[in-house]
1. Within the bounds of region 181-190, is there any residue that is touching a residue at least 12 places away in the same chain (Cβ under 8 Å), within 16 Å of ligand 1 (Cβ to nearest atom) and small (Gly, Ala, Ser)?
2. If a residue has to be over 14 Å from THR423 (Cα atoms), assigned to a helix (DSSP H, G or I) and free of Cβ contacts under 8 Å to residues at least 60 places away in the same chain to count, how many in region 277-302 make the cut?
3. Considering region 224-244 alone, what residues qualify as being within 12 Å of ligand 1 (Cβ to nearest atom) and farther than 20 Å from GLY387 by Cα?
4. Taking the conditions exactly as written (more than 24 Å from LYS428 (Cα to Cα) and more than 16 Å from ligand 3 (Cβ to nearest atom)), does THR335 satisfy them or not?
5. Can you find even one residue in region 345-356 that is assigned to a helix (DSSP H, G or I), closer than 23 Å to GLY237 by Cα and touching a helix residue (DSSP H, G or I) at 6+ places or on another chain (Cβ under 9 Å)?
6. Report yes if some residue within region 210-219 is over 23 Å from LYS183 (Cα atoms) and within 13 Å of ligand 2 (Cβ to nearest atom); otherwise report no.
7. Out of ARG420, ARG374, ARG407, ARG402, which single residue is among the basic types (Lys, Arg) and within 16 Å of ligand 2 (Cβ to nearest atom)?
8. Does TYR291 count as surrounded by fewer than 20 Cβ atoms within 10 Å (Cβ to Cβ) and away from ligand 2 (no atom under 16 Å from the Cβ)?
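The values are calculated or read from the model by the stated rules, or taken from the named source; none is laboratory data. All values reported here derive from a predicted model rather than from experimental measurement. Methodologically, a virtual Cβ is constructed for each residue, glycine included, from the backbone with ideal geometry; neighbour enumeration extends over all protein chains shown. These accessible areas exclude ligands, DNA and RNA; they are computed on the full protein's heavy atoms, side chains included. Shrake-Rupley method; radii C 1.70, N 1.55, O 1.52, S 1.80 Å.
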Amino acid sequence: MAVTIPVKEFAERRRKLMDRMAPDSIAILPAAPERVRNRDVLHPFRQDSDFQYLTGFGEPEAVLALIPGREHGETVLFCKERNPEKELWDGFLVGPEGAIERYGFDDAFPIADIDDILPGMIEGRSRVYYPLGKDPAFDNRVMDWLKVIRSKVRSGAHPPGELVALEHLLHDMRLYKSAAEIKVMAKAGQISAEAHCRAMKRARQGGYEYNLEAELIHTFMEHGARSTAYPSIVGGGANGCILHYIENAAPLKDGDLVLIDAGCELECYASDITRTFPVSGKFSPEQKALYEVVLAAQYAAIDAVKPDNHWNQPHEAALRVLTQGLIDLGLLAGTLEDALANESYKPFFMHRTGHWLGLDVHDVGDYKVGDAWRVLEPGMALTVEPGLYIAPDNTDVEPRWRGIGIRIEDDVVVTKEGCRNLTEGVPKTIADIEALMAD
Ligand code: GLY
Ligand code: MN
Ligand code: MN
C-alpha cells in the first residue's frame, strides 16, 4: 500500500509557516548534508526532517527560501541541475524545472547559482529565519551572504537586522500531525508490529541477538521501509537492562527474556516499538511478576493519553503503578507516597514514559509551555514506554530478580476521545505472547 503525503499538503505547510513569519522576512533552510562513511562511500542519504516537512524533496544539495510577498514567487528552491552524464551514474535528478512542476515551488534555480541569487532575495528583508547554530558550515554561508549585502550599503542596500532561529515556529507546526501523516505513521507502526511478531517467532530457535535483528530488517525491507528509525536494540537477558544496547551480538539463552526496541522509518516517519518476551516462549514466575507490573503501568499511561490531560500525566500514572508493583513484590520498601517523593524507584525505572514521535523518533515540539506541562491535543503523536530494569549487580534485591529488563512501548496519537494505538498489531499480554511463540 502506497501511503504518500500529497504535494498540496507540503505547499500548505509552507503557506502556514509564511503566515506565521514577520511580513518583511525570509526563511532559509538547507537540505541535509551528505556524510562520508569511509573513503568514497557515503552513508545512505536521509533528508533533514525540517526540510522534508516543508518540501517532500529528497535530494541533497538543495536550499529552500520562503519569501512572503515576493512578486516573482514566494517559495523558491535551489537544487542540482539535471545532468545526463551524472544521472547515468547516480540516478535521476529532479532539476529546477521539475521542482516547480512536481513539487509545486513558485520558482527554482540551480544550486550552483545560489551565491549570485540569494543575497538579492535577502536584501531589504529585516529578519532572516534559519536553523541558527545547527550546522557551522551553513552558518558560515549565511554570514557570507549577509556580508555581500553589507558590502553594498553605500549603494543603498538594506542588510537584515535580525537573525532568528526558524525552529521555534516550525517545530510547533510539526507537533500536530495531519490525517495524511497519521496514515503514514500507522503504516510504519503496522510494518514494525509485523516485524516484532516475526522476531518473536524466530526467538525459540535460539541463536544470537543479531538473528532477531535480521528478522526485523527483513520485514521492514519487505514492505519498502528501507531504513530503521534508529539503531535496533536487541538485548537478551541482562542486556535488556542497558537502555541503548545496540551491540546485538550475544547468544540468546533459554530462560532469559529478550528485549527488542525497534521500528522502521517510512517516508521519513518513525515508528518505535518495544516488546519483551522469553527466548523459550514461556515466562518464569519472576519474569511474569515484573512483566505484569510493567504492562499494567503501560495500560494506565495509555489511559491517561487524552485531550486536556497534560504531557506528564501518562508518566505520573505509569510511575504510580510501577512503584506500587515494586513495593508489592518486596523490591522496594516504604509506602507508595514516600517512594514517589524520595524517588527510590529510580534504580529500577530511570527514564521517562515517552516522547513525541514523528519525522524524528524523538520528535520536535515543546514539552512545557512556560513552566506548565503541555496540554495534550488531537493530532499529537507520542510513545508510551514504561519499563523496569533490575541491574545484574543489584545486591539490594534477591538474586532471582537480578538481570531482568522489561520495557513495553507503543505509539499512540491523541484523538478527540482519547488516543489511537498505532502499534497494537504485536501482542503484549503474557497469554498472547506465549500463544504466538507456541504457534
Ligand atoms: N528507541 C528509542 C526510544 O524508545 O526512545
Ligand atoms: Mn523505543
Ligand atoms: Mn521510544
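1. There is at least one residue in region 181-190 that is touching a residue at least 12 places away in the same chain (Cβ under 8 Å), within 16 Å of ligand 1 (Cβ to nearest atom) and small (Gly, Ala, Ser).
2. 4
3. The answer is THR228, ALA229.
4. yes
5. Checked region 345-356: no residue is assigned to a helix (DSSP H, G or I), closer than 23 Å to GLY237 by Cα and touching a helix residue (DSSP H, G or I) at 6+ places or on another chain (Cβ under 9 Å).
6. There is no residue in region 210-219 that is over 23 Å from LYS183 (Cα atoms) and within 13 Å of ligand 2 (Cβ to nearest atom).
7. On inspection, the qualifying residue turns out to be ARG407.
8. Here the answer is no, as TYR291 does not meet what is asked.
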